[in-house]
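Q: Sharing a structure here in structure tokens format.
Just so you know, all these numbers are worked out from the coordinates, no wet-lab data involved. All of these numbers come straight from a predicted model, not from anything done at the bench. Please note: Cβ atoms are built from the backbone with ideal geometry, for glycine as well, and neighbour counts cover all protein chains shown.
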Amino acid sequence: MLNFGTVGSGWICEEYIRGAKSTGLWRLSAVYSRDKARAEEFARKHGAEHTFTDIEALAGCPQVDAVYVASPNALHYEQCKAILTRGKHIICEKPLCAQADKVRELAELAAEKGVVFMEAIMFLHLPQRKILEEALRRIGRINMVKLDFCQRSSKLDAYLSGSLPNIFNPKMETGALMDLGVYCVYPALYLFERPEKWSARSVLMETGADQSGAIIMEYPDKLVNITYSKVGQAGAGSDLQGVDGTVAVESISTLGNMSLRMKDGSVETLFGREEKHLLMGHEARDFYRFITKPDESREEYALCTRLSIEVAEFMEQVRRECGVLFPSDKGE
């Protein structure tokens, strides 16, 4: 069993803690928060022995083998750099960084220190991904793909009332693409690699954050259409269409409620749904395996690292095409 610490104290951090503990491979030993009272409250709630308000102190704690980072996006780079420098393994919430050169730098630092640096993107670590890939082999030549993640933000009403939640603040390096679109970009690049041509458009809020967007990825034999939004709730889901059938996925981020419809009209249920903490438990399990069995998992870990960089590069280019700019962007 390995000991882990957390950076962040929101609901997503709580779900990861539940998921990591459910594997029987991880023990929560430390909690970091900028607010001392919040750190102590969070630690009591989840059974952690140590609390920190200084990231360097967390990184240097001998009772911490690895760290789960779930802070605002704009803090990922500096926090991860500090933790990696002290030789700790990291699993960091998506997106790792707004700029691909920072992702590449952190990956190189992790390699230099001999530790794992992994993006917490569920798609790559779900067992049902193999179910999806097997189903795609059954539907013949794929010619049209629609990947959608439109989910009305729980913070939208606060924004409309005059507040500025982090999710709609460009200083926090967030917005629709960074928060939801990433879940569509990952399967697109994993399954079909980088397109020959692409185009993208976004609708911006008054803050400069993107509230929604669309990307058309062009391949010689197919189109991949990505749509994402923080201001509306989708009802149609995603689908991948082949000449012999279609794979429909209600939730592209979790591969939940997945079905196969063949050209003869027959329908087969492929996968249902899992609770959030169990979904995140798959990430925690792979994280543990990458750390404890490096030779056995070398190729898989290398794939995860490569995709993290490629996704960051592509999303950075999409942002610039759409005018979604952050203070940290060079030249901005």
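Q: Helix 36-46 versus the longest principal axis of the chain: what is the Cα-based angle in degrees, 0 to 90, to the nearest 10?
A: Roughly 70 degrees between the two axes.
Q: Let me ask something else. At R0 = 22 Å, how high is the FRET efficiency between residue 113 and residue 1 if r is their beta carbon distance? Nearest 0.05 is fine.
A: Efficiency, rounded to the nearest 0.05: 0.50.
Q: While we're looking at this one, here's another question. Work out the P(r) tail for the range 23-154: percent of alpha carbon pairs separated by more than 24 Å, whole number.
A: I get 44 percent for the Cα pairs in the range 23-154 exceeding 24 Å.
Q: When the chain is fully extended, how far beyond the present Cα-Cα distance does residue 221 get from residue 257, taking 0.36 nm per residue of separation?
A: That pair, residue 221 and residue 257, stretches by 10.2 nm at full extension.
Q: Follow-up question, since we're still on this one. So who's got an amide H within less than 5 Å of the one on residue 31, skipping anything under 5 residues away but keeping other chains? H placed 1.01 Å off N, in plane.
A: 6, 50, 51, 52
Q: Still on this structure, please answer the following. Checking the cross-link filter: which aspartates and glutamates have an alpha carbon closer than 20 Å to that of residue 197, excluding same-chain neighbours under 8 positions apart?
A: 148, 218, 221, 310, 313, 316, 321
Q: How many angstrom lie between the Cα centre of the range 24-74 and the Cα centre of the range 259-332?
A: One Cα centre to the other: 25 Å.
Q: Helix 128-138 sits at what angle to the longest principal axis of the chain, using alpha carbons and giving 0 to 90 degrees rounded to 10?
A: On a 0 to 90 degree scale, this one is about 20.
Q: Which ³J(HN,Hα) values in Hz, rounded to whole numbers, follow from the phi angles of the range 47-63 under the Karplus curve 6.51 cos²θ - 1.76 cosθ + 1.60, where θ = phi - 60° and Gly and Pro get x?
A: With the stated coefficients, the range 47-63 comes to x, 8, 7, 10, 10, 9, 10, 10, 5, 5, 5, 4, 4, x, 5, x, 8 Hz.
Q: Here's a follow-up. Pull up the cross-link candidates among the aspartates and glutamates for residue 36, meaning alpha carbon to alpha carbon under 12 Å and not fewer than 8 places away within one chain.
A: 54
Q: Let's test the formula: R0 of 56 Å, r as the Cβ-Cβ distance of residue 143 and residue 330. What FRET efficiency results, to the nearest 0.05?
A: Once the sixth-power term is evaluated, E becomes 0.90.
Q: With an 8 Å cut-off on Cα pairs and a minimum separation of 6 or more residues, tell me the relative contact order of the chain in percent.
A: 19
Q: Would you kindly derive the ³J(HN,Hα) couplings of the range 248-259 from the backbone phi angles with the Karplus curve 6.51 cos²θ - 1.76 cosθ + 1.60 (θ = phi - 60°), listing them in order in whole Hz, with x for Gly and Pro?
A: The phi angles translate into 9, 10, 5, 10, 6, 6, 10, 6, x, 6, 9, 9 Hz.
Q: To the nearest 10 degrees, how steep is helix 298-322 against the longest Cα principal axis of the chain, on a 0 to 90 scale?
A: Helix 298-322 sits at roughly 70 degrees to that axis.
Q: Mind scanning 94/330; 171/222; 21/222 and naming the pairs with a C-alpha gap bigger than 31 Å?
A: Long pairs (Cα-Cα over 31 Å): 171/222; 21/222.
Q: Let me ask something else about it. Whole-Hz ³J(HN,Hα) for each residue in the range 152-166, computed from phi via Karplus 6.51 cos²θ - 1.76 cosθ + 1.60 with θ = phi - 60°, x for glycine and proline: what do you get?
A: 4, 5, 5, 9, 5, 4, 5, 4, 5, 8, x, 7, 10, x, 3
Q: Quote to one decimal, in nm, the extra length available between residue 302 and residue 54 on full extension: 0.36 nm per residue of separation minus the C-alpha distance between them.
A: 86.2 nm
Q: Using 0.36 nm per residue of separation minus the Cα-Cα distance, give me the extension gain between residue 267 and residue 166 in nm, one decimal.
A: Extra length available between residue 267 and residue 166 comes to 32.2 nm.
Q: Same structure again: Which whole-number percent gives the relative contact order of the range 184-270, counting Cα pairs below 8 Å spaced six or more residues apart?
A: Once divided by the residue count of the range 184-270, the mean separation gives 16 percent.
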